[in-house]
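What follows is a set of notes on a single structure, which appears directly below.
The values are calculated or read from the model by the stated rules, or taken from the named source; none is laboratory data. Note that the coordinates shown come from a computational prediction; the quantities given were computed from them, not determined experimentally. Here the Cβ is made from the backbone with ideal geometry for all residues, glycine too, and neighbour counts use every protein chain on show.
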Amino acid sequence: MRVHVDRELCVGSGACEMLAPDVFEVDDDGAVQVLQDEPDDDAAVRDAVSQCPTGAIALG
Amino acid sequence: MTIEAHGPDLDAVDLNGVDLSDRDWWTTPPAYRHAAFDRLRRERPFAFFAEPEIPGIPAGPGYHAVTRYADLEAISSQPAVFCSGRGAVSMQDVPAELHEFYGSLISMDDPRHAKIRRIVSKTFTPRMLERTLDSVRTIVDDVLTRARATAEADDGAIDVVADIAAPIPLRVICDMMGVPEADRPGVLANSNIVLSGGDPELIGGDDPLTAFLTAGMEMAALMERLAAERLADPRDDLTTALVRSEVDGERLTHQEIASFFILLLVAGNETTRNAISQGLLTLSEWPQERARWAADPSLDRTGVEEVVRWVSPVTWMRRTATQDGEVAGHRFTAGEKFLLFYNAANRDPEVFADPQRFDVGRDPNPHVGFGSKGPHFCLGAHLARRELQVTFRAIFEQLPDLEVTGPPHRLASAFVNGLKRLPARLGGDR
């Protein structure tokens, strides 16, 4: 499972970081950075994708 | 357990008597209002209402009340079709003079919104907020200790709003911004006025427009002073970060900083306050849920999410159509207004199993208490969540004897689901 974040769409809500802190982090530019490109396929990452308010996270 | 807390009586609601623009309607018992929204959601999902009259502001064309979760999400996630720039926090279009103080990013569209949001979100990341958590714990501990002292001096009596729910978020946000102690009572009073919904008790003798303008000017003046001080003498606070932060070489203008400051003070204050006060009221109405949560700190996360779903501290935000179109079979034309009723979406049975049940372990809980999909999702959601988790856990530990003793005094506002007072006592039975 590959994770991709569109940093233009991201508004830095931190919703993904709350759900999967090992995979996502809002960085000093106020947008999300992916900490693990290929995390384990788990519910937290999928929740982060579905709960992102701007649909900025994609799974490949 | 009371009927108010549990069984909404659908038959008691005459939809023709429901006027969401009538401020007094919002002081009716919550169960009645939820029953009305259940009916609206089922029978008139885009119900049309006339706008209320406010002296000095011409009445607009009216609005549609969006009450189904799916419709609300569809509108919220298409910001180009349903914009915020013509006003997001008022039923009326915002008069130019108010826009100066209240035209913050909440009432802005991209690309300007995206740019400012980015400048701000840099200073508001979860990581930066984690660093402030220790001070949040200290503040909560101190406020609860004072509440105990107040109770002991007054035969056990406290007011949940004045003694617990109001001081915690006020001190947290003022600490973060670096607002001096001497300015804080003024901040609380002005923030009350801004979110009063025109409630006469809170705005004093002034007409609402004058009261809003005066409150805005006073807060802008405070921010001007603070911003100038921080530019000259930087400190480790949010105000310093804001005056120095830039994106693509661009900094916030003076007016943008003042508007954002007002947004933070108001949004960071009142919403969390009402989540605390109404959360405690709700827990008193659902004693089994209270006992379950108090006994199990692993429920802090889901418990807080359920409080936010249940309370929906901000009742709605507005969007305005920029073009003709159709949503869920409802045709609309450019300029039509939509009020997104988060409180109604948060009890939509299509999304939430047994939505009228308060369940501190509810999971998943995709509530829209911090807003739905789209770029305007609450900037302070992370702060609010952590602050509320710390607060409720501390209350369970330090004030296990807290007992609500009287009916709440509800704010007469369509916009903010607020309490003005909530009588309680600390019985000393710990």
- Lone qualifier among B:GLU397, B:GLU387 - being acidic (Asp, Glu) and closer than 17 Å to B:PRO313 by Cβ: B:GLU387
- Note on the structure: So, first residue at positive phi in the stretch B:176-187, second residue among the hydroxyl-bearing types (Ser, Thr, Tyr), Cβ within less than 6 Å, six or more apart or across chains; the pairs are B:GLY178/B:THR239
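Condition check ((1) closer than 26 Å to A:ALA15 by Cβ; (2) more than 14 Å from every other protein chain (Cβ to nearest Cβ); (3) out of contact with any strand residue (DSSP E or B) (no Cβ under 9 Å at 6 or more places or on another chain)) across all residues:
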{"position": "B:ARG112", "(1), (2), (3)": "yes, no, yes"}
{"position": "B:ILE116", "(1), (2), (3)": "yes, no, no"}
{"position": "B:ASP134", "(1), (2), (3)": "yes, yes, yes"}
{"position": "B:ALA151", "(1), (2), (3)": "no, yes, no"}
{"position": "B:ILE168", "(1), (2), (3)": "yes, yes, yes"}
{"position": "B:MET176", "(1), (2), (3)": "yes, yes, yes"}
- Message: For the structure I just gave you, tell me whether B:SER259 is under 22 Å from the mean Cα position of the chain (by Cα), among the hydroxyl-bearing types (Ser, Thr, Tyr), assigned to a helix (DSSP H, G or I) and modelled with pLDDT of 95 or more.
- Response: no
- Can you name the residue in the stretch A:3-32 that is more than 10 Å from every other protein chain (Cβ to nearest Cβ) and more than 19 Å from B:ALA381 (Cβ to Cβ) and, of all such residues, is surrounded by the most Cβ atoms within 10 Å (Cβ to Cβ)? A:VAL3
- Take B:LEU188 and decide whether it is within 14 Å of chain A (Cβ to nearest Cβ), part of a helix (DSSP H, G or I) and closer than 21 Å to B:LEU383 by Cα. no
- Among the numbered conditions (1) under 21 Å from A:THR54 (Cβ atoms); (2) at pLDDT below 90; (3) hydrophobic (A, V, I, L, M, F, W, C), tell me where B:MET91 comes up short. (1)
- Task: Among residues belonging to the stretch B:47-84 that are touching a His at 6+ places or on another chain (Cβ under 8 Å) and in a loop (DSSP other than H, G, I, E, B), point out the one that is nearest to B:ARG331 (Cα to Cα).
- Result: B:PRO79
- Message: Quick check on my filter: what residues within the stretch B:396-430 are small (Gly, Ala, Ser) and assigned to a loop (DSSP other than H, G, I, E, B)?
- Response: B:GLY406, B:ALA412, B:SER413, B:ALA414, B:GLY418, B:GLY427, B:GLY428
- Query: How many residues are assigned to a strand (DSSP E or B) and within 15 Å of the chain's Cα centre (by Cα) when one looks only at the stretch B:298-338?
  - Reply: 4
- Message: Can you tell me how many residues within the stretch B:94-120 are at pLDDT 85 or above and hydroxyl-bearing (Ser, Thr, Tyr)?
- Response: 1
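Yes/no matrix, rows are residues, columns are (1) within 30 Å of B:GLY325 (Cβ to Cβ); (2) more than 14 Å from the chain's Cα centre (by Cα); (3) without any contact (Cβ under 8 Å) to a residue 40 or more places away in the chain:
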position: B:ALA345; (1), (2), (3): yes, yes, no
position: B:PRO349; (1), (2), (3): yes, yes, yes
position: B:GLN356; (1), (2), (3): no, yes, no
position: B:PHE377; (1), (2), (3): yes, no, yes
position: B:ALA394; (1), (2), (3): no, yes, no
position: B:THR405; (1), (2), (3): no, yes, no
- Item | Residues (touching a residue at least 24 places away in the same chain (Cβ under 8 Å) and assigned to a helix (DSSP H, G or I)) located in the stretch B:216-236 | B:GLY216, B:MET217, B:GLU218, B:MET219, B:ALA220, B:LEU222, B:MET223, B:GLU224, B:LEU226, B:ALA227, B:ARG230
- Would you say B:THR272 is modelled with pLDDT of 90 or more, within 23 Å of the chain's Cα centre (by Cα) and over 22 Å from B:SER121 (Cβ atoms)? no
- Query: Among all residue pairs at least 6 apart or on different chains, which show Cβ distances below 6 Å where the first residue, located in the stretch B:35-46, is part of a helix (DSSP H, G or I) and aliphatic (A, V, I, L, M) and the second is at pLDDT 95 or above and surrounded by fewer than 22 Cβ atoms within 10 Å (Cβ to Cβ)?
  - Reply: B:LEU40/B:ALA47
- Note on the structure: (1) under 21 Å from the mean Cα position of the chain (by Cα); (2) modelled with pLDDT of 95 or more; (3) not acidic (Asp, Glu) all hold for B:ALA384 apart from (2)
- Query: Hey, among the residues in the stretch B:363-380 that are crowded, with 20+ Cβ neighbours inside 10 Å and over 18 Å from B:GLN78 (Cα atoms), which one's nearest to the other protein chains (Cβ to nearest Cβ)?
  - Reply: B:LEU379
- Taking B:GLN389, is it in contact with a Ser or Thr (Cβ under 8 Å, 6 or more places away or on another chain), closer than 30 Å to B:GLY427 by Cβ and touching a residue at least 12 places away in the same chain (Cβ under 8 Å)? no
- Filter pass, B:LYS122 being in contact (Cβ under 8 Å) with a residue 40 or more places away in the chain, out of contact with any Lys or Arg (no Cβ under 8 Å at 6 or more places or on another chain), surrounded by fewer than 18 Cβ atoms within 10 Å (Cβ to Cβ) and within 14 Å of chain A (Cβ to nearest Cβ): no
- Unique residue being among the charged types (D, E, K, R) and within 21 Å of B:PRO375 (Cβ to Cβ) when the list is B:ARG273, B:ARG301, B:ARG318: B:ARG318
